[in-house]
């Protein structure tokens with residue numbers, strides 16, 4: 001291979017990687033798999049649900065809980081079974097303070113690559129681990145990275161689960177500045193939105209990330225949305241409101 005061709009290949013690879021990085025940071029892949037999931041509520045009431053993935057974390061979840069407690073807000077935490085087992089005191093604090101708990105799988109492996117049976121086992125193992133630690137049996141499931149296919153949705157529905165995605169993504173794992181995160185979310189917030197944050201996780205794992213900006217963004221978002229007349233509810237509360245709206 002001559003030098004010219006080698007440089008061309010390197011250039012193509014660089015462009016592909018750059019496009020992938022841009023799409024990962026600025027595009028929300030969840031919009032591609034929203035069918036037959038809960039990702040927002042069709043209501044007019046000025047309410048939103050704040051949710052957290054990948055926890056609990058010994059470092060960041062307590063700080064987020066402190067902010068929520070100070071603001072008088074309840075949120076929904078989609079826990080990993082492995083993290084709940086690793087940090088049982090933090091997981092129990094989430095439940096004790098009245099927040100809702102959802103299932104984010106046992107160990108954050110992408111269920112998109114599993115058979116339907118393997119995906120079901122991953123969810124059941126996560127359910128058991130969370131229940132053993134917190135005493136809570138949850139039937140809300142959020143797939144890691146929103147990687148889920150129609151067959152898995154059908155399997156989880158047969159298990160009694162509702163698949164919960166989101167309508168607004170903070171992209172806090174990118175470690176954007178909290179002021180940017182808050183400005184983006186406040187500008188785009190609509191009644192019935194489900195907002196995604198992370199109380200643990202990093203780009204390449206379920207721990208090791210820096211969530212300082214998340215902690216500050218949660219406090220800032222709550223203050224600004226309250227000033228606009230919004231209330232904050234859990235996922236189950238939002239679903240009940242949506243069902244009531246549909247009934248009427």
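So here's what we get for this one:
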| item | result |
| --- | --- |
| Condition broken by residue 229, with the remaining ones in (1) at pLDDT 95 or above; (2) assigned to a loop (DSSP other than H, G, I, E, B); (3) closer than 28 Å to residue 106 by Cβ satisfied | (3) |
| Residue tally, condition assigned to a helix (DSSP H, G or I) and within 15 Å of the chain's Cα centre (by Cα), over the stretch 156-180 | 3 |
| Qualifying residues in the stretch 86-116 (those that are part of a helix (DSSP H, G or I) and surrounded by fewer than 16 Cβ atoms within 10 Å (Cβ to Cβ)) - the one modelled with the lowest pLDDT | 112 |
| Filter result for the condition that a residue is surrounded by 24 or more Cβ atoms within 10 Å (Cβ to Cβ) and either touching a helix residue (DSSP H, G or I) at 6+ places or on another chain (Cβ under 8 Å) or over 22 Å from residue 244 (Cβ atoms) (or both), over 63, 68, 80 | 80 |
| Single condition residue 184 does not satisfy, out of (1) out of contact with any strand residue (DSSP E or B) (no Cβ under 8 Å at 6 or more places or on another chain); (2) outside any loop (DSSP other than H, G, I, E, B); (3) closer than 24 Å to residue 34 by Cα; (4) touching a residue at least 60 places away in the same chain (Cβ under 8 Å) | (4) |
| Scan of the stretch 133-157 for residues that are under 20 Å from residue 95 (Cβ atoms) and touching a residue at least 12 places away in the same chain (Cβ under 8 Å), ordered by number | 133, 134, 135, 136, 138, 139, 140, 141, 142 |
| Checklist (1) touching a helix residue (DSSP H, G or I) at 6+ places or on another chain (Cβ under 9 Å); (2) farther than 22 Å from residue 43 by Cβ applied to residue 205, failing item | (1) |
| Counted residues, the stretch 134-152 - those being outside any loop (DSSP other than H, G, I, E, B) and either more than 17 Å from residue 239 (Cβ to Cβ) or at pLDDT below 95 (or both) | 7 |
| Single residue of 100, 127 found to be within 24 Å of residue 172 (Cα to Cα) and within 19 Å of the chain's Cα centre (by Cα) | 100 |
| Residues that are in a loop (DSSP other than H, G, I, E, B) and under 14 Å from residue 99 (Cα atoms), drawn from the stretch 46-69 | 55, 56 |
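The values are calculated or read from the model by the stated rules, or taken from the named source; none is laboratory data. Note that the structure is a prediction, hence the values are computed from the model and not measured. When we count neighbours, we look across all protein chains shown, and the Cβ atoms used for this are built from the backbone with ideal geometry, even at glycine.
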